[in-house]
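Presented below is the structure to which this report refers.
The values are calculated or read from the model by the stated rules, or taken from the named source; none is laboratory data. Since the model is a prediction, treat every value here as computed from it, not as a measurement. All Cβ positions, glycine included, derive from the backbone under ideal geometry; neighbour counts span all protein chains shown.
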Amino acid sequence: MRRCYFDHVATNPLLPEVLDAMMPYFKDNFGNPLSVYDLGTTARDAIEKARQQVAGLINAKPPTVVFTSSGAEANNFALRGIAVARQNKGKHVIVSKVEHHSILNSARFLEKSGFVVTYLPVDKLGIVDPDMVKKSINKETILISVTHASSEIGSLEPIREIAQTAKELGIAMHADGVAASGNIPVDIKELGVDLLSMAAHQFYGPKGAGALYVREGLRIAPLIYGGIQEGGRRAGTENVPAIVGMGKAAEIAAQEMLVRMEHCRQLRDALIGGVLKLPNVYLTGHHEARLPHHASFVVEFIEGEAMLLMLSVKGILSASGSACSSRALKSSPVLLSLGIPSALAQGSIVFSLGIDNSMEDINYFLEEFPQVVKKLRDMSPFAKGWGPGSGGADGESCYTGG
Amino acid sequence: MKFVHGVKADITADIVYMMCPMHLLKLEEMIRGLDQGQVLEILTDYDGALDDIPQWCERTGNEFIGLDEAEDYYRFYIKKNSRR
């Protein structure tokens, strides 16, 4: 059976050349980077090379890259590290409502620690209004964190405009770049943010490696205390193979970025075009300003989970909402924040494509998907107009789309 | 402890929020890059530096100019006297 992996925002397959680069650091070069003998210096040199490669991906200086264990750690580090470092200046933090749980839950943690958090609303396409950011700022505001691109709806946020406002007012600006970095061009100078999170497995690197870009001269408190790794900013013996893999993946991503984007965009547009031929199916997120490999929908009258299961039987692997809310079987807060009714949000499905996908995959999917939707709708009481929030009788829509 | 105000430094290392032994490692790294007679300013909130930095200066033959207290951290001033 054909396998179509359409869940690249959950994670990516590892590139063989990345694994090759990592292997020596699992085996012969197992040294601790802090050790003074050659095994140590070999590992240390490998980390510094990876730092250069990751910095190169975002046009930053190598010392501004701090390696972490994941994108989630980078997000926690950014929010909590800046909150601690700036708490004497103020205790107000601004985040958007379409953030990943690693941002939203860090924000909730800050609220419990005495900070005040503003959760910025978004429009129907999931976009934050920079003017709304301006209006939310007060003299206590120390940090603004907005995702560069949401992994659930793919929309690209106006980071540059928000960062400009933050800069003018001396407020630290963080962007969660986990879904975007390595998949679309990111130039840290152009973006103008103070902090940017990344994760290697989002651009064909290994899991267990992430990074936080921290602008030169920006004070941040560590999230993890211990030794002098990462200049004292992130303690813990480094995951050398994963960091080496992240570096190699970053280098390749930088080289192949435009080709990958064009490949994914063609497949994605074909997928969106095909799916939207079905009745009562809506694209979520922005139509153009979105990640090139991302297509997300809500399918009326049926549940995302049911679609996932039936598709997976056919070898088509996708997600419903974020990997996290998918497991929790609850309506995605991100979709609800777009004004999508709760019942409709249950029909969320996300396809994220990659370099391992082909047009044959898309064609196969487009043959199978309408059958899945039909079968589920035939079983659904909502499609017959029985359920709450399902609109009118006989499947009449209650939603006009984003 | 020697307190000073308005010392002009040639270079500043901001390691506020970094814990032991970053203050000593940074000190060593920065001093190595300076010419004799140049002044290094280190910003740190690590209390252990109050003992460690003057002692390090004595041990390495560099001059501990003094300390200035900022709002929630210290400014240490060190003049490079050693050759290394």
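So which of A:GLY40, A:GLY81 ends up being under 30 Å from A:LYS134 (Cα atoms), part of a helix (DSSP H, G or I) and at pLDDT 95 or above?
That would be A:GLY81, the only listed residue that is under 30 Å from A:LYS134 (Cα atoms), part of a helix (DSSP H, G or I) and at pLDDT 95 or above.
Matching residues to (1) closer than 17 Å to A:LEU366 by Cβ; (2) buried (at least 19 other Cβ atoms within 10 Å of the Cβ):
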{"position": "A:CYS264", "(1), (2)": "yes, yes"}
{"position": "A:VAL275", "(1), (2)": "yes, yes"}
{"position": "A:LEU283", "(1), (2)": "yes, yes"}
{"position": "A:ARG290", "(1), (2)": "no, yes"}
{"position": "A:PHE297", "(1), (2)": "yes, yes"}
{"position": "A:GLY315", "(1), (2)": "yes, no"}
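Identify, please: which residue in the range B:52-74 is touching a strand residue (DSSP E or B) at 6+ places or on another chain (Cβ under 6 Å) and part of a helix (DSSP H, G or I) and is, among those, nearest to A:GLN229 (Cα to Cα)?
B:ILE53
Give the range A:61-86 a look and list any residue that's over 16 Å from A:ALA200 (Cβ atoms), in contact with a helix residue (DSSP H, G or I) (Cβ under 6 Å, 6 or more places away or on another chain) and hydrophobic (A, V, I, L, M, F, W, C), or say none.
A:LEU79, A:ALA83
What do you reckon, is A:ALA172 within 14 Å of chain B (Cβ to nearest Cβ), buried (at least 23 other Cβ atoms within 10 Å of the Cβ) and of a type in the set (A, V, I, L, M)?
Spelling it out, A:ALA172 is indeed within 14 Å of chain B (Cβ to nearest Cβ), buried (at least 23 other Cβ atoms within 10 Å of the Cβ) and of a type in the set (A, V, I, L, M).
Examine the range A:199-211 for a residue that is surrounded by fewer than 23 Cβ atoms within 10 Å (Cβ to Cβ), touching a residue at least 24 places away in the same chain (Cβ under 8 Å), in a loop (DSSP other than H, G, I, E, B) and more than 14 Å from chain B (Cβ to nearest Cβ), and state whether such a residue exists. Please lay out each step first, then the result.
The initial filter retains those residues of the range A:199-211 that are surrounded by fewer than 23 Cβ atoms within 10 Å (Cβ to Cβ), namely A:207-208.
With touching a residue at least 24 places away in the same chain (Cβ under 8 Å) added as a condition, the list becomes A:207-208.
Cutting the leftovers down to in a loop (DSSP other than H, G, I, E, B) gives us A:207-208.
Next cut, more than 14 Å from chain B (Cβ to nearest Cβ) only: A:207-208.
Yes: one or more hits.
Which condition breaks for A:VAL66 when tested against (1) within 14 Å of chain B (Cβ to nearest Cβ); (2) surrounded by fewer than 18 Cβ atoms within 10 Å (Cβ to Cβ); (3) not acidic (Asp, Glu)?
Result: A:VAL66 passes all but (2).
Looking only at the range A:337-365, which residues are of a type in the set (S, T, N, Q) and either more than 18 Å from the chain's Cα centre (by Cα) or not in a helix (DSSP H, G or I) (or both)?
A:SER342, A:GLN346, A:SER348, A:SER352, A:ASN357, A:SER358, A:ASN363
Could you tell me which numbered condition A:LYS139 fails, if it satisfies all but one of (1) under 21 Å from the mean Cα position of the chain (by Cα); (2) of a type outside the set (Phe, Trp, Tyr); (3) closer than 20 Å to A:ALA85 by Cβ?
The one condition A:LYS139 does not meet is (1).
Need the failing condition index for A:VAL334 against (1) at pLDDT 95 or above; (2) aliphatic (A, V, I, L, M); (3) outside any loop (DSSP other than H, G, I, E, B); (4) farther than 20 Å from A:PHE203 by Cβ, just the number.
(1) is the only condition that A:VAL334 fails.
Among the residues of the range B:1-32, how many are assigned to a loop (DSSP other than H, G, I, E, B), away from every other protein chain (no Cβ under 14 Å) and under 25 Å from A:ALA235 (Cα atoms)? Spell out how you get there, then give the answer.
Step one: list which residues in the range B:1-32 are assigned to a loop (DSSP other than H, G, I, E, B), which gives B:1-2, B:4-10, B:15-21.
Checking the rest, the ones that are also away from every other protein chain (no Cβ under 14 Å) come to B:1-2, B:4-10.
Cutting the leftovers down to under 25 Å from A:ALA235 (Cα atoms) gives us none.
Selection size over the range B:1-32: 0.
For the range A:89-116, how many residues are in a strand (DSSP E or B) and farther than 30 Å from A:HIS287 by Cβ?
3
Yes or no: the range B:33-51 includes at least one residue that is in a helix (DSSP H, G or I), under 30 Å from A:ARG234 (Cβ atoms) and within 14 Å of chain A (Cβ to nearest Cβ).
So in the range B:33-51, the residues in a helix (DSSP H, G or I) come out as B:49-51.
Of the ones still in play, those that are also under 30 Å from A:ARG234 (Cβ atoms) are B:49-51.
Pick out the ones that are also within 14 Å of chain A (Cβ to nearest Cβ) and you get B:49.
Checked the range B:33-51: at least one residue is in a helix (DSSP H, G or I), under 30 Å from A:ARG234 (Cβ atoms) and within 14 Å of chain A (Cβ to nearest Cβ).
Between residues in the range A:220-234 that are more than 7 Å from chain B (Cβ to nearest Cβ) and residues that are part of a loop (DSSP other than H, G, I, E, B) and among the small types (Gly, Ala, Ser), which pairs lie under 7 Å by C-beta distance while being six or more apart or on different chains?
Pairs found: A:ILE224/A:ALA235; A:ILE224/A:GLY236; A:GLY226/A:ALA235; A:GLY226/A:GLY236; A:GLY227/A:ALA235; A:GLN229/A:ALA235; A:GLN229/A:GLY236.
Return yes or no: is A:GLY227 under 23 Å from A:THR141 (Cβ atoms) and assigned by TED's automatic domain parsing to the domain that holds A:LEU57?
no
Out of (1) modelled with pLDDT of 95 or more; (2) touching a Leu at 6+ places or on another chain (Cβ under 7 Å), what's the single condition that is false for A:ALA306?
(1)
For the structure I just gave you, tell me whether A:ALA295 is assigned to a strand (DSSP E or B) and more than 14 Å from chain B (Cβ to nearest Cβ).
It is true that A:ALA295 is assigned to a strand (DSSP E or B) and more than 14 Å from chain B (Cβ to nearest Cβ).
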